[in-house]
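Student: Following this message is one structure expressed as structure tokens.
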Amino acid sequence: MDLHTMGDTAYLVSFPGEPDAALLAKVRALAAALAADRLEGVTEIVPAYGSVGVIYEPERVRTSHGELPWRVVGEWLERHLSGKGAGAPRAARKPREHIVPTVYGGEHGPDLEVVAKHAKLDSAEVVKLHAGAIYHVAAIGFSPGFPYLVGLPPKLATPRRATPRLRVPAGAVGIGGAQTGIYPRESPGGWQVIGRTGLELFDPGRTEGPALFAAGDRVLFRAVEKLEPASARDEAPARAVEGEAAVRPRAAEPSVEIVKPGTLTTVQDMGRRGFAALGVGLGGALDPWAAAVANLAVGNPPEAPLLECTYVGPVLRFSHATVIAAVGAETPALPAGRPVAVRAGEVVDCSALTRGARLYIAVAGGLRVPRVLGGAGTAVGARFGGFAGRPLAVGDRVAHGPGLAEVAGVGAKWRLAAPVPAPTRKETVEVRLVPGLDWARIFKRFGPGGGGRAVESRSFQLSAKSDRMGLRLAGEPFVLPGGAAEQVSRPVVPGTVQLPPDGQPIILMAEGQTVGGYPQLGQIASVDLPRLAQARPGAEIVFKLSDVSAAQQARLRVAADLNKLRVGLAMWR
């Protein structure tokens, strides 16, 4: 087994050998042992085909004598890899068998002919081979409930698409290299789609667990003529109506009404933890530092639910007198970083954002929405959490707490600044990049030091096709060596820079997948992700090489400053 850092917030343990039942059992055993002896600060343990991802929050890891958290976490992992770890794993869940009725080809399988041509078979032979194999779930990860399946007949192995699709429908059955899997929700994706099933793969309200599949389960595909039962897409409206009834405020309850929603306004918090092994990413605010400061300004805890407004902000009407604060992007409607009193019935127009891309508006007492899987934020791609699992629309009313009768500092001249300032529209956004596991393979032809020059000499534009899952960059592409574009999927985290076959980087963000199969250029320092979140489409992005220690020290300084701010405000009030 090999141990690798993944930037300043994660490790990857990789096992040698090709994925098979024996290797998958070793992976699950290590993940169970780590979970039984979990180190403080470790938030996620994610098993994949032949690797285990370990994600941690540096500021929560106990250290001594100036030691950095990444070394403490590494020593804990090395103890387990050497067989000296403590704790007895819990009994594993008994694997189950699932039958997946699938419509192959036609509108539901637009890439069936691509796979057939690559395999030098006709489409009927592809269907027979795919549906005749026995599969096992190696991992859950691309999106909530997405099963990565091992057992694809080698003849059907087909490279991913050169450029990922922006929309792959819910239930799509795809092939990516030597892997096959099923998309639980409509999402971007680069796999070759050969069919579709109507099974509901992920439901956060399911009593026996949100994900239908689990690592180790056995899966059989069955070819059918039509989708059965109703597709996840067809069932979604009923769930949405039920969800909206749960979040609708009572008549006398303080609330904020959406007069105009802006481009994308959602309820967010600091994310969900503990569900990455089911494909549920961290989520939450894309600029958590700005969100925390906005909450502190109105007397809320840093993690309180608030509004995240993207590109064009909302117009809001407040039913009761309250106090609000705006941090992140800047708007003429509100002074940045100051608590502002609003009257009952007052309308605040935050539509114009003059700097930055994402504005965070906190309301004293915090927004009140149900917590789903431990979080109050909206998982936009997976369609759950927040306000009925969707962006806010005209007429929506979101309840909020009564907050403080008076918030200290209202009308004062001081302001709280976000730890990472939003860039101007013309400012080049420079972010630190920690080389990843695939670095040497990607830049082998450049010789020693050549990779760094190749990366730092390029600049990219932020594409308008970016979203909360990932930022797409456009510029001089990286030319991948033969065979580098296809690999076994392994855990990824926010900040992972993936290289699809077209060589244009994709930076995973808060709602990004938890497992991915594209080569990894490296990891953006976690402290720099808010700078990317505040960049607008068309912004120039450049990479500056860094290492784990420097990236982690930068994050710890920001975390310490936020903690001092929290303590200082609490003492003042």
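The values are calculated or read from the model by the stated rules, or taken from the named source; none is laboratory data. As the structure is a prediction and not an experimental result, all values here were calculated from the model. Glycine also receives a Cβ, built like all others from the backbone with ideal geometry; neighbour counts cover every protein chain displayed.
Student: Checking ASP467 against (1) under 27 Å from PRO144 (Cβ atoms); (2) part of a helix (DSSP H, G or I): exactly one of these is not met. Which one?
Tutor: (2)
Student: Another question, if that's okay. In the range 310-326, is there at least one residue being closer than 17 Å to GLY386 by Cα and out of contact with any helix residue (DSSP H, G or I) (no Cβ under 8 Å at 6 or more places or on another chain)? Even if it seems obvious, please write down each step before you answer.
Tutor: Step one: of the range 310-326, the residues closer than 17 Å to GLY386 by Cα are 310, 314.
When the remaining residues are screened for being out of contact with any helix residue (DSSP H, G or I) (no Cβ under 8 Å at 6 or more places or on another chain), the result is 310, 314.
Yes, the conditions are met somewhere in the range 310-326.
Student: Take the conditions part of a loop (DSSP other than H, G, I, E, B) and touching a helix residue (DSSP H, G or I) at 6+ places or on another chain (Cβ under 9 Å) and apply them to ALA535. Does it pass?
Tutor: no
Student: I've got another one for you. Which pairs have Cβ atoms under 6 Å, sit 6 or more apart or on different chains, and link a residue in the range 339-364 that is among the aromatic types (Phe, Trp, Tyr) to one that is modelled with pLDDT of 95 or more and outside any strand (DSSP E or B)?
Tutor: Close Cβ pairs (under 6 Å, with a partner that is modelled with pLDDT of 95 or more and outside any strand (DSSP E or B)) amount to TYR360/ALA290; TYR360/ALA291; TYR360/ALA294.
Student: Moving on. Take the range 210-224 and flag every residue that is within 26 Å of ALA29 (Cβ to Cβ) and either under 22 Å from the mean Cα position of the chain (by Cα) or not in a strand (DSSP E or B) (or both).
Tutor: Kept after step one, since they are within 26 Å of ALA29 (Cβ to Cβ), are these residues of the range 210-224: 210-220.
Answer for the range 210-224, where residues must be within 26 Å of ALA29 (Cβ to Cβ) and either under 22 Å from the mean Cα position of the chain (by Cα) or not in a strand (DSSP E or B) (or both): PRO210, ALA211, LEU212, PHE213, ALA214, ALA215, GLY216, ASP217.
Student: Checking the conditions here, which among LEU129, LEU121, LEU149, LEU112 is buried (at least 21 other Cβ atoms within 10 Å of the Cβ) and at pLDDT 95 or above?
Tutor: Details: LEU129 fails: buried (at least 21 other Cβ atoms within 10 Å of the Cβ); LEU121 fails: buried (at least 21 other Cβ atoms within 10 Å of the Cβ); LEU149 fails: at pLDDT 95 or above.
Within the list LEU129, LEU121, LEU149, LEU112, the selection yields LEU112.
Student: For the range 359-381, indicate whether the set of residues that are of a type in the set (A, V, I, L, M), over 30 Å from ALA245 (Cβ atoms) and crowded, with 22+ Cβ neighbours inside 10 Å is non-empty. Full working, then the answer.
Tutor: First, pick out the residues of the range 359-381 that are of a type in the set (A, V, I, L, M): 359, 361-364, 367, 369, 372-373, 376, 379-380.
Then drop every residue that is not over 30 Å from ALA245 (Cβ atoms), which leaves none.
No, that holds for no residue.
Student: Related question: Could you check ARG472 against (1) under 20 Å from TYR311 (Cβ atoms); (2) not in a strand (DSSP E or B) and say which number it fails?
Tutor: (2)
Student: Same structure, new question: Out of everything in the range 523-546 that is among the charged types (D, E, K, R) and surrounded by 14 or more Cβ atoms within 10 Å (Cβ to Cβ), what residue ends up being nearest to ARG425 (Cα to Cα)?
Tutor: First, the residues of the range 523-546 that are among the charged types (D, E, K, R): 528, 531, 536, 540, 544.
Within this subset, residues satisfying the condition of being surrounded by 14 or more Cβ atoms within 10 Å (Cβ to Cβ) are 528, 531, 536, 540.
Working: ASP528: 17, ARG531: 12, ARG536: 7, GLU540: 9 Å.
Restricting to residues being among the charged types (D, E, K, R) and surrounded by 14 or more Cβ atoms within 10 Å (Cβ to Cβ), the top hit is ARG536.
Student: Same structure, new question: Looking only at residues in the range 45-81 that are in contact (Cβ under 8 Å) with a residue 60 or more places away in the chain and of a type in the set (Val, Ile, Thr), which one is nearest to ALA139 (Cα to Cα)? Lay out the reasoning, then the answer.
Tutor: From the range 45-81, those in contact (Cβ under 8 Å) with a residue 60 or more places away in the chain are 45-53, 55, 58-59, 68-70, 73-74, 77-78, 81; that's our starting set.
Still in the running and of a type in the set (Val, Ile, Thr): 45-46, 52, 55, 73.
Working: ILE45: 12, VAL46: 8, VAL52: 10, ILE55: 16, VAL73: 23 Å.
Taking the candidates together, the pick is VAL46.
Student: Residue check: is GLU303 part of a loop (DSSP other than H, G, I, E, B), of a type in the set (Asp, Glu) and at pLDDT below 95? Break it down into steps so the answer makes sense when it comes.
Tutor: On the way: part of a loop (DSSP other than H, G, I, E, B): yes; of a type in the set (Asp, Glu): yes; at pLDDT below 95: no.
Against the criterion (part of a loop (DSSP other than H, G, I, E, B), of a type in the set (Asp, Glu) and at pLDDT below 95), GLU303 does not qualify.
Student: Let me spell it out: the conditions are (1) under 24 Å from GLY283 (Cβ atoms); (2) under 22 Å from the mean Cα position of the chain (by Cα); (3) modelled with pLDDT under 95, and GLY503 meets all of them except one. Which number is the exception?
Tutor: Status for GLY503: all satisfied but (1).
Student: Taking the range 388-399 on its own, how many of its residues are at pLDDT below 95 and buried (at least 24 other Cβ atoms within 10 Å of the Cβ)?
Tutor: Adding up the residues that qualify gives 1.
Student: VAL52 versus (1) under 30 Å from LEU437 (Cα atoms); (2) surrounded by fewer than 17 Cβ atoms within 10 Å (Cβ to Cβ): which is the lone unmet condition?
Tutor: (2)
Student: While we're here: State which residue pairs qualify: first residue outside the structural domain of LEU282 (by TED's automatic domain parsing) and acidic (Asp, Glu) and inside the range 493-513, second residue part of a strand (DSSP E or B) and buried (at least 24 other Cβ atoms within 10 Å of the Cβ) in any location, beta carbons under 7 Å apart, and separation of 6 or more residues or different chains.
Tutor: Pairs found: GLU511/ALA379.
Student: Condition first: assigned to a loop (DSSP other than H, G, I, E, B) and surrounded by 24 or more Cβ atoms within 10 Å (Cβ to Cβ). Now tell me which residues in the range 250-271 satisfy that.
Tutor: Of the residues in the range 250-271, the ones assigned to a loop (DSSP other than H, G, I, E, B) are 250-254, 261-263, 269-271.
Once the filter is applied, which keeps residues that are assigned to a loop (DSSP other than H, G, I, E, B) and surrounded by 24 or more Cβ atoms within 10 Å (Cβ to Cβ), the range 250-271 yields only ASP269.
Student: Let me ask something else. Could we say that VAL137 is over 24 Å from ALA31 (Cα atoms) and out of contact with any helix residue (DSSP H, G or I) (no Cβ under 6 Å at 6 or more places or on another chain) here? Steps first, please.
Tutor: Numbers: over 24 Å from ALA31 (Cα atoms): no; out of contact with any helix residue (DSSP H, G or I) (no Cβ under 6 Å at 6 or more places or on another chain): yes.
Against the criterion (over 24 Å from ALA31 (Cα atoms) and out of contact with any helix residue (DSSP H, G or I) (no Cβ under 6 Å at 6 or more places or on another chain)), VAL137 does not qualify.
Student: Still on this structure, I have one more. Just one of the numbered conditions (1) within 27 Å of the chain's Cα centre (by Cα); (2) more than 20 Å from GLY512 (Cβ to Cβ); (3) in contact (Cβ under 8 Å) with a residue 60 or more places away in the chain is not true of GLY105; which one?
Tutor: (1)
Student: Is it true that GLY313 is touching a residue at least 40 places away in the same chain (Cβ under 8 Å) and on the phi > 0 side of the Ramachandran plot? Lay out the reasoning, then the answer.
Tutor: Values: touching a residue at least 40 places away in the same chain (Cβ under 8 Å): yes; on the phi > 0 side of the Ramachandran plot: no.
No, not satisfied.
Student: Looking at the range 505-530, which of its residues are in a helix (DSSP H, G or I) and under 20 Å from THR5 (Cα atoms)? Walk me through how you get there before you give the answer.
Tutor: So in the range 505-530, the residues in a helix (DSSP H, G or I) come out as 526-530.
Those that are in a helix (DSSP H, G or I) and under 20 Å from THR5 (Cα atoms): SER526, VAL527, ASP528, LEU529.
Student: Can I ask one more? Would you check which residues across the range 531-553 are of a type in the set (A, V, I, L, M, F, W, C) and closer than 19 Å to HIS4 by Cβ and list them? Spell out the reasoning first.
Tutor: Going residue by residue through the range 531-553, those that are of a type in the set (A, V, I, L, M, F, W, C) are 532-533, 535, 539, 541-543, 545, 548, 550-551.
Within the range 531-553, LEU545, VAL548, ALA550, ALA551 qualify.
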